[in-house]
There are 2 protein chains.
Amino acid sequence: MRSAFYISDGTAITAEVFGHATLSLFPVEFKHITIPFVETVEKALEIKAQINACSKISGERPLVFYTFVNPELSDILNEADAITYDFLTTISDKVQSELKVAPVPRTHRTHSIHEKNYDFRIDAVNYALANDDGSNLKDYDEADIILVGVSRCGKTPTSLYLALQYGIKAANYPFTEDDMDELRLPKALIPYRKKLFGLTIEPERLAAIRHERMANSRYASLRQCRLEIREVEMLYKNNKIPYLSSTHYSVEEISAKILAETGLERRKY
Amino acid sequence: MRSAFYISDGTAITAEVFGHATLSLFPVEFKHITIPFVETVEKALEIKAQINACSKISGERPLVFYTFVNPELSDILNEADAITYDFLTTISDKVQSELKVAPVPRTHRTHSIHEKNYDFRIDAVNYALANDDGSNLKDYDEADIILVGVSRCGKTPTSLYLALQYGIKAANYPFTEDDMDELRLPKALIPYRKKLFGLTIEPERLAAIRHERMANSRYASLRQCRLEIREVEMLYKNNKIPYLSSTHYSVEEISAKILAETGLERRKY
């Protein structure tokens with residue numbers, strides 16, 4: 001199997017995301033290898049030797065996606081027995097000729113603690129944890145958004161993703177049967193109606209998820225799941241709460257849809 | 001201020017990560033606008049109009065980083081009054097000529113629920129939450145890694161990042177004063193010594209973080225933080241537990257360093 005390397009003087013997250021998106025276009029399997037924090041000539045030479053060995057053993061030249069601030073390190077990798085893609089430079093050269101401004105490369109500019117709003121993201125994670133699952137009703141003033149929905153429809157992972165990736169303070173509140181029987185919003189949520197965003201899910205998928213948690217319970221029964229979902233969707237409609245179904249979407253997709261629909265400002269790109 | 005658009009038929013995460021990394025090389029401020037899920041000709045025409053309006057109002061042509069599977073949508077954006085970068089195609093054309101295999105583009109290939117190991121990532125998030133802060137000692141058999149350290153040194157956000165991004169089951173255990181006084185590992189951790197990874201932090205930074213949580217407490221005092229950090233680092237050394245300092249690193253950097261050092265296999269790229 002051919003190998004794909006993602007290499008950088010920082011976390012290599014950009015190389016991973018870009019390289020993996022590129023390779024996923026092709027119906028070819030790769031062995032993926034990420035090597036972050038390659039910051040010295042010695043380390044670059046060591047990685048070059050590793051790539052050469054990989055090429056020799058597999059008989060196929062690896063694909064190498066890399067970003068370096070120091071061009072000396074790029075030169076070393078370009079001499080490896082591999083196909084190398086200095087993908088950021090390929091585009092930044094074009095950006096430079098448009099902006100007519102020279103780049104000022106600096107290591108650890110992205111994905112580092114020095115990024116603007118880094119502390120805000122950690123605060124948002126702590127907020128999401130403290131306000132998970134309706135555990136805390138008194139700090140909703142601080143919330144950027146309050147995700148609502150029945151138990152196990154995807155609120156918690158989405159709250160955490162919004163916090164970690166975008167620095168958005170997302171609380172989440174699970175509707176209980178009592179809330180829904182009456183088909184009205186719990187009192188605690190009424191002052192925050194404009195911050196509410198609903199999740200729903202297909203009853204079959206919900207039953208499967210709940211079944212893993214509590215097999216053969218009423219809670220996991222398809223009948224109960226159908227009932228809850230029907231009620232919660234009516235609650236959303238009656239209260240004009242925007243909502244979406246998590247059934248076919250990843251946390252990344254749900255979060256992107258929520259940001260697009262609410263216009264919430266992300267604090268990190 | 002010049003605007004930068006990140007546009008895609010999916011989440012636009014790849015466009016955001018790549019475009020933002022490119023622009024961060026330049027000493028220029030941008031207004032960032034992400035538009036995900038542009039999947040139809042109608043929507044693309046609407047976005048083109050939005051870009052044109054933005055160009056007219058600001059007097060500067062926006063930079064547009066986009067990825068589309070449907071070339072019809074690319075054509076529409078290429079006609080906008082903007083500088084457009086079809087950055088993925090720029091590189092995938094080169095990859096194609098190397099692999100001698102045609103790409104098979106498909107929407108929602110990355111960052112979607114259909115990605116391999118998606119469910120594993122959600123399981124890992126649930127695991128991290130259930131095993132946060134030493135709240136559960138009986139499921140450590142399942143852990144890929146157990147982060148250890150004193151209270152507030154960065155264990156929880158790191159566990160969640162490892163879970164959400166990479167599908168790694170990360171438990172975390174906070175050393176208490178009792179654990180450290182004796183300078184030996186708590187009994188519960190001894191069978192899992194090989195899974196332990198330590199975090200440490202500069203006492204000044206730790207005191208500042210704890211101060212925000214519990215101002216003027218003994219817990220937040222610099223004296224107490226110094227004592228705990230000295231003891232915990234001795235504990236790591238005595239027990240040959242690999243560790244790193246979180247003081248100057250983001251969760252992304254800490255996670256990348258942990259993966260590089262332990263060789264843990266990530267379940268998502």
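Conditions tested, residue by residue: (1) under 19 Å from B:Ile258 (Cβ atoms); (2) in a strand (DSSP E or B); (3) not basic (Lys, Arg).
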{"residue": "B:Met180", "(1), (2), (3)": "no, no, yes"}
{"residue": "B:Ala188", "(1), (2), (3)": "no, no, yes"}
{"residue": "B:Ser217", "(1), (2), (3)": "no, no, yes"}
{"residue": "B:Arg223", "(1), (2), (3)": "no, no, no"}
{"residue": "B:Thr247", "(1), (2), (3)": "yes, no, yes"}
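From the list B:Leu77, B:Leu99, B:Leu25, B:Leu73, which one is of a type in the set (A, V, I, L, M), touching a strand residue (DSSP E or B) at 6+ places or on another chain (Cβ under 9 Å) and within 10 Å of chain A (Cβ to nearest Cβ)? Full working, then the answer.
Numbers: B:Leu77 fails: within 10 Å of chain A (Cβ to nearest Cβ); B:Leu25 fails: touching a strand residue (DSSP E or B) at 6+ places or on another chain (Cβ under 9 Å); B:Leu73 fails: within 10 Å of chain A (Cβ to nearest Cβ).
The unique qualifying residue is B:Leu99.
Quick one: would you say A:Ser250 is under 25 Å from B:His114 (Cα atoms), polar (S, T, N, Q) and in contact with a strand residue (DSSP E or B) (Cβ under 6 Å, 6 or more places away or on another chain)?
Considered against the rule, which asks whether it is under 25 Å from B:His114 (Cα atoms), polar (S, T, N, Q) and in contact with a strand residue (DSSP E or B) (Cβ under 6 Å, 6 or more places away or on another chain), A:Ser250 comes out as no.
Can you name the condition, by its number, that A:Tyr161 falls short on among (1) at pLDDT below 95; (2) of a type in the set (Phe, Trp, Tyr); (3) within 20 Å of B:Asp132 (Cα to Cα)?
(1)
When B:Lys116 is evaluated against the numbered criteria (1) within 11 Å of chain A (Cβ to nearest Cβ); (2) in contact with a Phe, Trp or Tyr (Cβ under 9 Å, 6 or more places away or on another chain), which criterion, by number, is the only one it fails?
Here B:Lys116 clears every test but (2).
Could you check how many residues of segment B:23-44 are of a type in the set (A, V, I, L, M, F, W, C) and under 25 Å from A:Thr90 (Cα atoms)?
Counting residues in segment B:23-44 that are of a type in the set (A, V, I, L, M, F, W, C) and under 25 Å from A:Thr90 (Cα atoms) gives 7.
List the helices (runs of 4 or more DSSP H) inside segment A:10-104, counting only whole elements, that have at least 2 residues being closer than 20 Å to B:Thr67 by Cα and in contact (Cβ under 8 Å) with a residue 12 or more places away in the chain.
By residue number, A:13-23, A:87-99.
Within segment A:218-267, how many residues turn out to be over 15 Å from A:Leu199 (Cβ atoms), within 12 Å of chain B (Cβ to nearest Cβ), basic (Lys, Arg) and free of Cβ contacts under 8 Å to residues at least 60 places away in the same chain?
Summing the residues that are over 15 Å from A:Leu199 (Cβ atoms), within 12 Å of chain B (Cβ to nearest Cβ), basic (Lys, Arg) and free of Cβ contacts under 8 Å to residues at least 60 places away in the same chain in segment A:218-267 gives 0.
Does any residue of segment A:154-174 turn out to be crowded, with 21+ Cβ neighbours inside 10 Å, in contact with a helix residue (DSSP H, G or I) (Cβ under 6 Å, 6 or more places away or on another chain), of a type in the set (S, T, N, Q) and not in a helix (DSSP H, G or I)?
Yes: one or more hits.
Residues to consider are A:Met214, A:Met180; find the one that is crowded, with 18+ Cβ neighbours inside 10 Å and either within 18 Å of A:Cys153 (Cα to Cα) or out of contact with any Lys or Arg (no Cβ under 6 Å at 6 or more places or on another chain) (or both).
On the way: A:Met214 fails: crowded, with 18+ Cβ neighbours inside 10 Å.
From the options A:Met214, A:Met180, the qualifying one is A:Met180.
Anything in segment A:225-245 that is in a helix (DSSP H, G or I) and among the aromatic types (Phe, Trp, Tyr)? List them, or say none.
A:Tyr236
Within segment A:116-138, which residues are part of a loop (DSSP other than H, G, I, E, B), of a type outside the set (Gly, Ala, Ser) and surrounded by fewer than 19 Cβ atoms within 10 Å (Cβ to Cβ)?
A:Lys116, A:Asn117, A:Asn136, A:Leu137, A:Lys138
Specify the residue that is surrounded by the most Cβ atoms within 10 Å (Cβ to Cβ); the eligible residues are those in segment B:7-22 that are more than 7 Å from every other protein chain (Cβ to nearest Cβ) and under 18 Å from B:Ala82 (Cα atoms).
Here is the first cut: in segment B:7-22, the ones more than 7 Å from every other protein chain (Cβ to nearest Cβ) are B:7-10, B:15, B:19.
Now restrict to residues that are under 18 Å from B:Ala82 (Cα atoms): B:7-8, B:15, B:19.
On the way: B:Ile7: 25, B:Ser8: 29, B:Ala15: 26, B:Gly19: 27.
Checked segment B:7-22; the qualifying residue surrounded by the most Cβ atoms within 10 Å (Cβ to Cβ) is B:Ser8.
Find the residue count for segment A:42-57, including only residues that are over 26 Å from A:Thr110 (Cα atoms) and within 14 Å of chain B (Cβ to nearest Cβ).
2
The values are calculated or read from the model by the stated rules, or taken from the named source; none is laboratory data. Given the structure is predicted, the values throughout are model-derived calculations rather than measurements. Note that each Cβ is placed from the backbone with ideal geometry, even for glycine, and that neighbours are counted across all protein chains shown.
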